[in-house]
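S.K.: Mind looking over this structure? Questions follow.
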Amino acid sequence: MNDYNGIGRLTRDPELKYTANNKAVCSWKIAINRSKDKTDFIPCVAWEQTAELVNKYFKKGRMIGVSGELNSKQYEQDGKKRTDLEVTVKKITFCDSNTDIPIQSSAPPNTQSAYDGSERADEAAEEIDERLPY
């Protein structure tokens, strides 16, 4: 089984692009603190509707929960074999309220997010429910 779940802060604004077939793809990195002195930087990629939602609602510094598959890419650089890992994100969770869209959740990925009842949060929740395939 290949499942990855993590919660961290975006290290930069998400980067949204479109393929030649007009499929949205969004990439970003999250920083996950393992201890006081150690931080992991996890590259993430999302496709289609999830990509567009990440680009719309998340910016550098926001807390996000990601759930998906860990994938490896092998290549050669300067005569040395290299392997990069990235998470192909299938589900996202809003994990803080540091935004103009007041959405809060303390729930881990794969669970329903809690919303504070404001009108903008309700609109965002409806859009998420309508656009995500799960």
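The values are calculated or read from the model by the stated rules, or taken from the named source; none is laboratory data. Model, not experiment: these values are computed from the prediction. Neighbour counts run over all protein chains shown; Cβ positions are idealised from the backbone, glycine included.
S.K.: Restricting region 1-17 to residues that are surrounded by 14 or more Cβ atoms within 10 Å (Cβ to Cβ) and of a type in the set (A, V, I, L, M, F, W, C), which is farthest from Ser67 (Cα to Cα)?
M.R.: Restricting to residues being surrounded by 14 or more Cβ atoms within 10 Å (Cβ to Cβ) and of a type in the set (A, V, I, L, M, F, W, C), the top hit is Leu16.
S.K.: Quick one: how many residues across region 40-73 are more than 15 Å from Cys26 (Cα to Cα), outside any strand (DSSP E or B) and of a type in the set (Asp, Glu)?
M.R.: 0
S.K.: Hey, can you tell me all the residues within region 18-50 that are small (Gly, Ala, Ser), farther than 19 Å from Ile7 by Cβ and surrounded by 14 or more Cβ atoms within 10 Å (Cβ to Cβ)?
M.R.: Ala24, the sole residue that qualifies.
S.K.: Ok, one more. How many residues does region 1-28 hold that are out of contact with any Leu (no Cβ under 7 Å at 6 or more places or on another chain) and either in a strand (DSSP E or B) or hydrophobic (A, V, I, L, M, F, W, C) (or both)?
M.R.: Adding up the residues that qualify gives 14.
S.K.: Right, here's the next one. Do we find that Pro102 is closer than 21 Å to Met1 by Cβ and at pLDDT below 70 in this structure? I'd like the intermediate steps shown before the answer.
M.R.: Numbers: closer than 21 Å to Met1 by Cβ: no; at pLDDT below 70: yes.
No; evaluated as a whole, the condition is false for this residue.
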